[in-house]
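Q: Okay, here's the structure, questions in a sec.
The values are calculated or read from the model by the stated rules, or taken from the named source; none is laboratory data. Keep in mind that what you see is a predicted model, and the values were worked out from it rather than measured. Counting neighbours? That spans all protein chains shown, and the Cβs are built from the backbone with ideal geometry, glycine included.
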Amino acid sequence: MARLLRVTAAAEIPVGRARTIEVDGARVAIFNAGDGRYHALGATCPHEEGPLGDGIVVRGAAVCPWHGFDFDLRTGACGIDPELAAPVYPVRRDGADLLVELP
């Protein structure tokens, strides 16, 4: 059963950046894509376990700071290696807060 959890205030994440949070043992990166759009991916890059949450948003994708692998913020699909994907979690805004749905 999925759980909807408050993870952070939207104002805590600058446009084009992410904030990594840990909730119930799950590490999730919340990305601010601008224009009020927020996305959540697994915080660890599936390429070589880099800190995806330390990356930036470029043209709708999260870019890992280690090797530049990019992951679509909506689907988690990797633009470099089609065999890789980051887990995607639904995000909802509730006033000033961001809520993430975790399994």
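Q: Looking at the range 65-86, which of its residues are among the aliphatic types (A, V, I, L, M) and surrounded by fewer than 19 Cβ atoms within 10 Å (Cβ to Cβ)?
A: Initially, the range 65-86 is screened for residues among the aliphatic types (A, V, I, L, M), giving 73, 77, 80, 84-86.
Scanning the range 65-86 gives Ala77, Ile80, Leu84, Ala85.
Q: Please determine whether any residue of the range 68-76 is among the aromatic types (Phe, Trp, Tyr) and in contact (Cβ under 8 Å) with a residue 24 or more places away in the chain.
A: Here is the first cut: in the range 68-76, the ones among the aromatic types (Phe, Trp, Tyr) are 69, 71.
Pick out the ones that are also in contact (Cβ under 8 Å) with a residue 24 or more places away in the chain and you get 69, 71.
So far as the range 68-76 goes, yes, one or more of its residues are among the aromatic types (Phe, Trp, Tyr) and in contact (Cβ under 8 Å) with a residue 24 or more places away in the chain.
Q: Search the range 83-102 for residues that are closer than 17 Å to Pro14 by Cα and pair each with any residue that is surrounded by 14 or more Cβ atoms within 10 Å (Cβ to Cβ) and of a type in the set (Ser, Thr, Tyr) when their beta-carbon atoms are under 7 Å apart and the residues are at least 6 apart or on different chains.
A: Val91/Tyr38; Arg93/Tyr38; Leu98/Thr8; Leu98/Tyr38
Q: I'd like the full set of residues that are part of a loop (DSSP other than H, G, I, E, B), surrounded by fewer than 16 Cβ atoms within 10 Å (Cβ to Cβ) and not small (Gly, Ala, Ser), limited to the range 18-50. Walk me through it before giving the result.
A: Step one: of the range 18-50, the residues part of a loop (DSSP other than H, G, I, E, B) are 24-25, 35-36, 43, 45-50.
Of the ones still in play, those that are also surrounded by fewer than 16 Cβ atoms within 10 Å (Cβ to Cβ) are 24-25, 35-36, 48-49.
Once the filter is applied, which keeps residues that are part of a loop (DSSP other than H, G, I, E, B), surrounded by fewer than 16 Cβ atoms within 10 Å (Cβ to Cβ) and not small (Gly, Ala, Ser), the range 18-50 yields Asp24, Asp35, Glu48, Glu49.
Q: While we're on this one: Being modelled with pLDDT under 95 and β-branched (Val, Ile, Thr) narrows it down to one of Val28, Val58, Val23, Val63, so name that one. Walk me through it before giving the result.
A: Numbers: Val28 fails: modelled with pLDDT under 95; Val58 fails: modelled with pLDDT under 95; Val63 fails: modelled with pLDDT under 95.
So the residue among Val28, Val58, Val23, Val63 that is modelled with pLDDT under 95 and β-branched (Val, Ile, Thr) is Val23.
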